[in-house]
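Values quoted throughout were computed directly from the atomic coordinates according to the rules given, and no laboratory measurement underlies them. These figures come from a predicted structure and were not determined experimentally. Quick reminder, even Gly has a Cβ in these numbers, built from the backbone with ideal geometry, and neighbours come from all protein chains shown.
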Amino acid sequence: METIRQLILENKTDEAISLLEDILRKEPGCDEACYLLGNVYRKKNDFRQALNQYLRAIELNPDSPAQIAYNQLIKILDYYNKEMYNP
């Protein structure tokens, strides 16, 4: 997982996604891979996929850091959506 974290830091998101998807094919119950995949999608501004992966990680492990990431992303999206309606 450390290699994947480094790829994410280096903005090599497509490589990180590929590795994480391989892990999840072999070990579908890996909540850490789901969490990291959520982080990659968030970095790519694909918020729907990020939220889906965070929720998947939370289902697998309620104590996952994905819960914090999910809550933060929801707050960010709520803020931006409210601004869209206030000219």
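Against the longest alpha carbon principal axis of the chain, how many degrees, from 0 to 90 and to the nearest 10, is the axis of helix 31-43 turned?
Approximately 50 degrees, to the nearest ten.
Chymotrypsin sites (Phe, Trp or Tyr not before Pro) within the range 19-85: which are DSSP loop residues with at most 14 other Cβ atoms inside 10 Å?
Loop-located and lightly packed - Tyr85.
Pop out the ³J(HN,Hα) list for the range 46-62 in order, Karplus 6.51 cos²θ - 1.76 cosθ + 1.60 with θ = phi - 60°, rounded to Hz; leave Gly and Pro as x.
9, 5, 4, 5, 4, 4, 4, 5, 4, 5, 4, 5, 5, 4, 6, 8, x
List nothing, just return the count: lysine pairs in the chain, 8 or more apart or interchain, with Cα separation under 26 Å.
Going through the chain pair by pair, I get 9.
Around Leu51, under 14 Å between beta carbons, what's the net of Lys plus Arg minus Asp minus Glu among the other residues?
Cβ neighbours under 14 Å give a net charge of +3.
Apply the Karplus curve 6.51 cos²θ - 1.76 cosθ + 1.60, θ = phi - 60°, to the phi angles in the range 18-29 and return the couplings in whole Hz, x for Gly and Pro.
Ordered by residue, 3J(HN,Hα) equals 4, 5, 5, 5, 4, 4, 5, 5, 7, 9, x, x Hz.
In the Gaussian network model of the chain, springs joining C-alpha atoms below 10 Å, which of Ile58, Ile17, Ile76 carries the largest mean-square fluctuation?
Judging by the Gaussian network model, the answer is Ile76.
Most exposed first by the Cβ proxy, i.e. fewest other Cβ within 10 Å, how do Lys26, Lys43 rank?
Lys26, Lys43
Taking 7 Å along the Cα-to-C-beta vector as the label spot, tell me the Leu77-Asp22 distance in nanometres, rounded to one decimal.
Spacing of the two 7 Å Cα→Cβ label points: 3.0 nm.
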